[in-house]
Each structure stands twice: as C-alpha cells, then as structure tokens.
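Everything on this sheet refers to the single structure shown next.
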C-alpha cells in the first residue's frame, strides 16, 4: 500500500518492479499450496507499463476446476500482502478456453497478460 512520509503530505506509491516482484512471489507461494492453480498472470496498467499512483494490479488465475460461482471465487484468496490493491479474476480451465478471444476483453487478456506461473494440467 502507499506510504506517507512522516515529514511530508506526499504519498509514495510502490515502484512497478516492486509490485511485479511481490505478485510473482505471491503467485508462486499460492501455486505451491494449491495444485489446482494452472496459471497466474497480470494484465492492465502494470502489464502495459503505464501504472501510476492509485493503480491496482489486475490479476488473472486459471484453475483446474472450481466449486464457487465465478463472481465469488476471488473471496477465497488473500491478496493483502501485495503492495497495491489487486483485482483478481479466476477462471476454470474450461472457462478460459471458452473466452471469446475476438471480444475487446478477450483481446486485452490475449495481448497484455504477463504470465508469472504456469503448470500443465494433470
């Protein structure tokens, strides 16, 4: 999270590289704990290189299967150790394959996602 200097009213936002390294550590640790994780990556402003003060990091995770509905899956994952807020999207492998890659969002995911972790499905 941003840090306020004790002698200044200026907020310092974490540098992009620090955010990316923290996310990579987070992704690898979660993948070691959870064999169902197939991929973890990020897209959006941090992937494009135009993140600034106030930017969150957009994280995408692909899992083998899930019992929760799509909109409730992220609640299971604690991202508070990351230095900026995270928007976590979790897809099953089947949902990921079914994405319309010609849609605007599909093209964004296809073109911008920087994968930090990949595991072949069993």
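From the list 109, 82, 88, exactly one residue is in a loop (DSSP other than H, G, I, E, B) and under 12 Å from the mean Cα position of the chain (by Cα). Which is it? Steps first, please.
On the way: 109 fails: in a loop (DSSP other than H, G, I, E, B); 88 fails: in a loop (DSSP other than H, G, I, E, B).
After applying the criteria, what remains is 82.
Looking across 115, 101, 13, one residue alone is on the phi < 0 side of the Ramachandran plot and in contact with a helix residue (DSSP H, G or I) (Cβ under 8 Å, 6 or more places away or on another chain). It is 101.
Answer yes or no: is there a residue in the range 61-70 that is within 12 Å of the chain's Cα centre (by Cα) and at pLDDT 95 or above.
First pass over the range 61-70, keeping only residues within 12 Å of the chain's Cα centre (by Cα): 61-62.
Filter again for at pLDDT 95 or above, leaving 61-62.
So far as the range 61-70 goes, yes, one or more of its residues are within 12 Å of the chain's Cα centre (by Cα) and at pLDDT 95 or above.
Taken over the range 11-56, the criterion of being within 12 Å of the chain's Cα centre (by Cα), more than 18 Å from residue 80 (Cα to Cα) and outside any strand (DSSP E or B) is satisfied by 44, 45, 47. Checking each residue in the range 35-62 for being over 17 Å from residue 21 (Cβ atoms) and out of contact with any strand residue (DSSP E or B) (no Cβ under 8 Å at 6 or more places or on another chain) picks out 35, 48, 50, 52, 54. Please find, within the range 82-109, the residue that is surrounded by the most Cβ atoms within 10 Å (Cβ to Cβ) out of those that are within 11 Å of residue 41 (Cα to Cα) and free of Cβ contacts under 8 Å to residues at least 60 places away in the same chain. Selected residue: 90.
Taking (1) assigned to a strand (DSSP E or B); (2) surrounded by fewer than 17 Cβ atoms within 10 Å (Cβ to Cβ) in turn, residue 62 satisfies each apart from (2). Take the conditions in contact with a strand residue (DSSP E or B) (Cβ under 6 Å, 6 or more places away or on another chain) and either farther than 21 Å from residue 16 by Cβ or not in a helix (DSSP H, G or I) (or both) and apply them to residue 115. Does it pass? Taking the combined requirement at face value, the residue satisfies it.
The values are calculated or read from the model by the stated rules, or taken from the named source; none is laboratory data. Every value quoted in this text rests on a predicted model; they were computed, and no experiment measured them. Counting neighbours? That spans all protein chains shown, and the Cβs are built from the backbone with ideal geometry, glycine included.
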